[in-house]
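Working notes for the structure below.
The values are calculated or read from the model by the stated rules, or taken from the named source; none is laboratory data. In this text the structure is predicted, and so the values were computed from the model without any measurement. Methodologically, a virtual Cβ is constructed for each residue, glycine included, from the backbone with ideal geometry; neighbour enumeration extends over all protein chains shown.
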Amino acid sequence: MKKSTRFVDNSLFRFLVVVLLPVIILLLVHFVAGNYYESVFILFFINIILAASLNLTNGITGIFSLGQAGFMALGAYISSILTLSETMKNAMVTNMPEWLTKIQLPFWAAMIVAACITMIIAGLIGFAILRAKGHYLAVITLGMVIVIKSVLDNANNLTNGSRGLSGMSKHSTLLVTVIVALLSLFILYRFRTSAFGRSMIALRDDEDAAASLGINERSIRLMSFMVSAFFAAVGGCLWAHLQRTIAPSLFYFDKTFNILEMSVLGGMASLSGAIPGAAVLTFLPQFLANFSTGFTIFGINVPQINGLTNIVMSVLFIVMIIFRKQGVTGSSEYLVGSLFSRSTYTGLFRKQTYKDFAHAFRRKKVHDS
Amino acid sequence: MLKVSNLSISYKKINAVREISFEIREGEIVSLIGSNGAGKTSTMKAISGLIKAKSGSILFNGKEILGMSPTQIVSAGIVHVPEGRQVFSKLSVGENLQLGGYLTKDRKVLKERMDYVFDMFPILKERIHQKAGSLSGGEQQMLAIGRGLVTGAKLLLLDEPSLGLAPIVVEQVFEVIQTLQQNGMTILLVEQNALDAMAISSRTYIMESGAIVMEGPSEEVAENEEVKRIYLGGKETWVSSLHN
Amino acid sequence: MGFFTAQLISAIKLGSIYALVAIGYSIVYSIMGMINFAHGELLMIATFSLWVLMNAGIPFGFAVILAIIITVLFGIFIEKIAYRPIRNAGESTQIITSLAVSIFLEALCQAIFNSSAKALIIPAFFSKTFKFLGVTVSVIDVVTFACTVILTIVVVLIIQKTSVGKAMRAVADNPEAADLVGIDRNRIITVAFIIGSVLAAVAGILYSGKYTSFSNDMGFMLGVKAFIAAVLGGLGSLTGAVAGGYIMAVLEIFFSGYLPGGVASFQTTFTFIVLILVLLVRPNGLFGSNNWKRS
């Protein structure tokens, strides 16, 4: 065991920042802040799942996909069809196959079924398109988003076409979303740190060297693509059961870029990057919405700006690429790693942890004064 | 003609070339030899402006060329014939040569240079309409040198011209290099084929791990025991006898 | 027969637009090795410029020329500001940057002109119709086709015959060797962007002129389709780009025209499935060489 000396690696510090602080915030949000803020936080956790799923392919395996919105759509639609009641489906969708209207699953089962079906579809698509690399793959996956939207738009007897589906129950509560997000991050993190995950990174860094180590490029890429699609679908399922109404146009280029921006801003090369990325892309637009009808700054009246959020986000995006290409976290897994490493918790039972903490804290004070 | 002083090059904090200095006088062939990764190609690329040097100076006819773009360096009169030939394989032989004259606006001059190249390499004239990629290795090397000549360069940087060629073709290439010198060209020759390189050059520099470890007239360098052991495989050389 | 001819003529109209845009992608890709996702936005810039100029009372012909010039300036500017610094950065950085530029331009356009659809009113002459092989064709359709043919020929001549064109092919073939014969790569890339921008501007104007309505998101989808057309034909091949553009349009139009009622609306799906199948059989496209795995 390597003995760490950095203050940020202190178990107590990690526990306070990565576990206790978020828990307190969430409790406050749930009990004090009210429904609006709770919804924003639910969205934040869904975004974490989406961004982390994209980081797996784009940053960690090095297959640059722009298809996340498509998989998210599949997850959202399949799970919604599965949770909606027979009456609701019959009222909304004309000519839906009878066996399908009869199926109604509990939320959790629907989520898992939807994610698995999406993963299988991703496997089939991936098998066909993953020979492509780089720019080609980026555009082909974007084409995939177009195709998925076109299918959803036109498969009227399954999806109700461009009108979409609505009336899903609000299963995505704060608690449910937090649990799913933690589970997703945990599984993705284990996946990343497994031998398989190390092969993905090896593949990203040097294809030829990886091949010489006997790493089967195609199966690794396909596996990563499928796992990524699985979690995108989980995110889509949660999203559908938060918004309670979905339509094909919601899973198009805007969504694609939205997820990509989270991924890039936060840091593509780590799962942890999903957290700051999702935070910026969830909270900033909510904040900017206050200014969308014009505002006054330093006595200057700024008129209404159409698409203020889009402008701010794209400028932020470009600035980030110029000054910190690797995103907020780079390839550091500090956040997710601390959350799931046993030492964060076992360390709390050791006296030394508190001594180190107090010591570092005191020293810091001396420095400050 | 070319004076390199204290040239250092680094890639990602690794020093590929450290403070090397050497000189090429007008009309001579100078060979730069050394093992793989010694920094020979980096040195050439720094001279031709393909990569940026960290520090040092490169004077060409008294003018600082370090920091100039490849375009400016070609118009100054230095041409680099890269390792592995690097012809424009999808373009015809004729187009390859014309591109050598990309910066030459005077059509008459261009024509003269093309004729000079065709005189020297009649095979290229025969294949003028063929795609460069369809030529044999030796022919591609001739084309790469020919393309360099069309730029009107005064100094030719030849990077491993014998690499991957059949022995008989290697001989031809070295003959061409000597002919070029007799016609007044100054040449810096980077070679792993140390024996042949020293046989035709007047002076030799030996590079190892980014530094020049030995220099001198080729026949003297070739007689050095260390050099014999490492680069000439311990064989008795005939280089010195050739120079006598 | 009449229906078939009508379908074919629609496909030619649409294919001409795709072809013009696809050539731009192809040229820029061969020379820089990157896909300019913001290429589609050039169509938007051309259309909005023309609309603003015409609203300002500038005569149509003159406004068209100015709009093309503005688009070209944008093209050059985008390359200099955004793409030059990342030329040697990794592929994902290039993709992200060009997407960011695309999103930014669209958002900027939305901020200035808002996102509602606008009408482009071109001189009545262009909407005059006549019968051709029993099908009603308008002047702008003929102009669209003619522009594509003429511009394609001009581009081919530039690339095959001129010294700049040879240098462009040289850079596409072997960038480092191009440096070594003194070709100024920055200049060649600028030329590639100028050609691409002119074609995109013309395509944008023809497209909005034909459909009369346009908005700030007109370019992206068209861009993606044209890009896929270029890939289908084989990136780096002009013939491929043109052929890919027309094949794409024929697939789209004929699927929507000939598929039975229930599935006709799946035209986009079918088109893309066919394209992916073609690429599985011929990964380098129909006319392409070995660009598929280029990194």
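Of the conditions (1) at the interface with chain C (Cβ under 10 Å from one of its Cβ atoms); (2) within 26 Å of B:V170 (Cβ to Cβ); (3) more than 17 Å from the chain's Cα centre (by Cα), B:V79 clears all except one; give me its number.
Evaluating B:V79 over (1) at the interface with chain C (Cβ under 10 Å from one of its Cβ atoms); (2) within 26 Å of B:V170 (Cβ to Cβ); (3) more than 17 Å from the chain's Cα centre (by Cα) leaves (3) as the failure.
Enumerate the helices (runs of 4 or more DSSP H) found wholly within segment A:24-141, keeping only those where 1 or more residues are under 23 Å from A:V280 (Cα atoms) and of a type outside the set (D, E). Give the steps one after another, and end with the answer.
Numbers: elements: A:35-55, A:68-83, A:86-92, A:98-102, A:107-129.
Qualifying helices (runs of 4 or more DSSP H): A:35-55, A:68-83.
Could you tell me whether B:V150 is among the β-branched types (V, I, T) and either under 27 Å from B:S35 (Cβ atoms) or away from chain C (no Cβ under 13 Å) (or both)? So that I can check it myself, show each step before the final result.
Values: among the β-branched types (V, I, T): yes; either under 27 Å from B:S35 (Cβ atoms) or away from chain C (no Cβ under 13 Å) (or both): no.
Spelling it out, it is not the case that B:V150 is among the β-branched types (V, I, T) and either under 27 Å from B:S35 (Cβ atoms) or away from chain C (no Cβ under 13 Å) (or both).
Got a sec? Which of A:A114, A:A138, A:A155 is more than 30 Å from C:S98 (Cβ to Cβ) and at pLDDT below 90?
Values: A:A114 fails: at pLDDT below 90; A:A138 fails: more than 30 Å from C:S98 (Cβ to Cβ).
One residue alone meets the criteria, A:A155.
Tally the residues that are under 17 Å from the mean Cα position of the chain (by Cα), more than 12 Å from every other protein chain (Cβ to nearest Cβ) and small (G, A, S), restricting the search to segment C:222-267.
Matching residues across segment C:222-267 total 7.
Condition check ((1) in contact (Cβ under 8 Å) with a residue 12 or more places away in the chain; (2) within 17 Å of B:G148 (Cα to Cα); (3) not in a strand (DSSP E or B)) across all residues:
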| site | (1), (2), (3) |
| --- | --- |
| B:G164 | yes, no, yes |
| B:I168 | no, no, yes |
| B:V173 | yes, yes, yes |
| B:Q178 | yes, yes, yes |
| B:G184 | yes, yes, yes |
| B:D196 | yes, no, yes |
| B:A199 | yes, no, yes |
| B:Y205 | yes, no, no |
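Can you tell me which residue within segment C:143-185, out of those that are closer than 16 Å to C:S16 by Cβ and not β-branched (V, I, T), is farthest from the other protein chains (Cβ to nearest Cβ)?
The first filter runs over segment C:143-185 and keeps only residues closer than 16 Å to C:S16 by Cβ, leaving C:143-156.
Filter again for not β-branched (V, I, T), leaving C:145-147, C:151.
Working: C:F145: 26, C:A146: 29, C:C147: 26, C:L151: 23 Å.
Step by step, filter segment C:143-185, then rank; the result is C:A146.
How about segment A:265-277: which of its residues are within 12 Å of the chain's Cα centre (by Cα), assigned to a helix (DSSP H, G or I) and not small (G, A, S)?
Listed by number, the residues that qualify are A:I275, A:P276.
If you scan segment A:142-164, which residues turn out to be at the interface with chain C (Cβ under 9 Å from one of its Cβ atoms), crowded, with 19+ Cβ neighbours inside 10 Å and either among the small types (G, A, S) or farther than 16 Å from A:I125 by Cα (or both)?
A:G143, A:S150, A:D153, A:N154
On the basis of being within 30 Å of B:S75 (Cβ to Cβ) and buried (at least 23 other Cβ atoms within 10 Å of the Cβ), does C:D184 make the cut? Even if it seems obvious, please write down each step before you answer.
Details: within 30 Å of B:S75 (Cβ to Cβ): yes; buried (at least 23 other Cβ atoms within 10 Å of the Cβ): no.
No.
Conditions tested, residue by residue: (1) aliphatic (A, V, I, L, M); (2) more than 30 Å from B:T179 (Cβ to Cβ); (3) in a loop (DSSP other than H, G, I, E, B).
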| residue | (1), (2), (3) |
| --- | --- |
| B:S5 | no, yes, no |
| B:S10 | no, yes, no |
| B:N15 | no, yes, no |
| B:S21 | no, no, no |
| B:L32 | yes, no, no |
| B:T41 | no, no, no |
| B:A46 | yes, no, no |
| B:I51 | yes, yes, yes |
| B:G56 | no, yes, no |
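Across segment B:130-153, what is the total count of residues that are closer than 24 Å to C:I188 by Cβ and more than 21 Å from the chain's Cα centre (by Cα)?
Total meeting the criteria: 2.
From the list B:E171, B:E215, exactly one residue is in contact with a strand residue (DSSP E or B) (Cβ under 9 Å, 6 or more places away or on another chain), of a type outside the set (A, V, I, L, M) and surrounded by fewer than 19 Cβ atoms within 10 Å (Cβ to Cβ). Which is it?
Numbers: B:E171 fails: in contact with a strand residue (DSSP E or B) (Cβ under 9 Å, 6 or more places away or on another chain).
Among B:E171, B:E215, only B:E215 is in contact with a strand residue (DSSP E or B) (Cβ under 9 Å, 6 or more places away or on another chain), of a type outside the set (A, V, I, L, M) and surrounded by fewer than 19 Cβ atoms within 10 Å (Cβ to Cβ).
May I ask you to list the residues in segment A:296-346 that are farther than 25 Å from C:A89 by Cα, assigned to a helix (DSSP H, G or I), free of Cβ contacts under 8 Å to residues at least 60 places away in the same chain and away from chain C (no Cβ under 11 Å)?
First, the residues of segment A:296-346 that are farther than 25 Å from C:A89 by Cα: A:296-310, A:334-346.
With the extra rule that they be assigned to a helix (DSSP H, G or I), the set shrinks to A:308-310, A:334-340, A:342-346.
After this cut, where a residue has to be free of Cβ contacts under 8 Å to residues at least 60 places away in the same chain as well, the list is A:308-310, A:342.
Answer for segment A:296-346, where residues must be farther than 25 Å from C:A89 by Cα, assigned to a helix (DSSP H, G or I), free of Cβ contacts under 8 Å to residues at least 60 places away in the same chain and away from chain C (no Cβ under 11 Å): just A:R342.
From C:E91, C:E79, which residue is within 14 Å of chain A (Cβ to nearest Cβ) and acidic (D, E)? Lay out the reasoning, then the answer.
Details: C:E79 fails: within 14 Å of chain A (Cβ to nearest Cβ).
Just a single option satisfies the conditions, and that option is C:E91.
Out of the residues in segment B:76-110 that are in contact (Cβ under 8 Å) with a residue 60 or more places away in the chain and of a type in the set (V, I, T), state the one that is farthest from B:V190 (Cα to Cα). Please lay out each step first, then the result.
Step one: filter segment B:76-110 for residues in contact (Cβ under 8 Å) with a residue 60 or more places away in the chain, giving B:77-84, B:87.
Subsequent filtering for residues that are of a type in the set (V, I, T) retains B:78-79, B:81, B:87.
Numbers: B:I78: 15, B:V79: 14, B:V81: 10, B:V87: 18 Å.
Step by step, filter segment B:76-110, then rank; the result is B:V87.
Among (1) farther than 16 Å from C:R87 by Cα; (2) within 14 Å of another protein chain (Cβ to nearest Cβ); (3) in contact (Cβ under 8 Å) with a residue 24 or more places away in the chain, there is one condition C:A203 misses while meeting the rest; what is its number?
Among (1) farther than 16 Å from C:R87 by Cα; (2) within 14 Å of another protein chain (Cβ to nearest Cβ); (3) in contact (Cβ under 8 Å) with a residue 24 or more places away in the chain, the lone unmet condition for C:A203 is (2).
Within segment C:206-221, how many residues are within 12 Å of chain A (Cβ to nearest Cβ) and either within 19 Å of C:V149 (Cα to Cα) or in contact with a Phe, Trp or Tyr (Cβ under 7 Å, 6 or more places away or on another chain) (or both)?
Residues that pass the stated criteria total 2.
Looking at (1) in contact with a helix residue (DSSP H, G or I) (Cβ under 6 Å, 6 or more places away or on another chain); (2) hydroxyl-bearing (S, T, Y); (3) surrounded by fewer than 15 Cβ atoms within 10 Å (Cβ to Cβ), which is the one condition that is false for A:S263?
(3)
Any idea which of B:V74, B:V87 is within 13 Å of chain C (Cβ to nearest Cβ), among the hydrophobic types (A, V, I, L, M, F, W, C), within 17 Å of C:P175 (Cβ to Cβ) and part of a helix (DSSP H, G or I)? Can you show your working first?
Values: B:V87 fails: part of a helix (DSSP H, G or I).
One residue alone meets the criteria, B:V74.
Output the residues belonging to segment C:115-156 that are among the β-branched types (V, I, T) and assigned to a strand (DSSP E or B). Full working, then the answer.
If we filter segment C:115-156 for residues that are among the β-branched types (V, I, T), which is where we start, we get C:121-122, C:129, C:135-137, C:139-140, C:142-144, C:148-150, C:152-156.
Answer for segment C:115-156, where residues must be among the β-branched types (V, I, T) and assigned to a strand (DSSP E or B): C:T129, C:V135, C:T136, C:V137.
When you go through C:L99, C:L53, C:L42, C:L105 one by one, which is the residue that is surrounded by fewer than 21 Cβ atoms within 10 Å (Cβ to Cβ) and either in contact with a Pro (Cβ under 6 Å, 6 or more places away or on another chain) or on the phi < 0 side of the Ramachandran plot (or both)?
Numbers: C:L99 fails: surrounded by fewer than 21 Cβ atoms within 10 Å (Cβ to Cβ); C:L42 fails: surrounded by fewer than 21 Cβ atoms within 10 Å (Cβ to Cβ); C:L105 fails: surrounded by fewer than 21 Cβ atoms within 10 Å (Cβ to Cβ).
So the residue among C:L99, C:L53, C:L42, C:L105 that is surrounded by fewer than 21 Cβ atoms within 10 Å (Cβ to Cβ) and either in contact with a Pro (Cβ under 6 Å, 6 or more places away or on another chain) or on the phi < 0 side of the Ramachandran plot (or both) is C:L53.
With the structure loaded, tell me whether A:A73 is touching a Pro at 6+ places or on another chain (Cβ under 9 Å), more than 10 Å from every other protein chain (Cβ to nearest Cβ) and either under 22 Å from C:L277 (Cβ atoms) or not β-branched (V, I, T) (or both) or whether it fails that test.
On the way: touching a Pro at 6+ places or on another chain (Cβ under 9 Å): yes; more than 10 Å from every other protein chain (Cβ to nearest Cβ): yes; either under 22 Å from C:L277 (Cβ atoms) or not β-branched (V, I, T) (or both): yes.
So A:A73 fits the description; yes.
Please determine, by comparing only the residues of segment B:90-107 that are more than 8 Å from chain C (Cβ to nearest Cβ) and more than 19 Å from B:P161 (Cβ to Cβ), which one is nearest to the chain's Cα centre (by Cα).
Applying the filter and picking the extreme gives B:G101.
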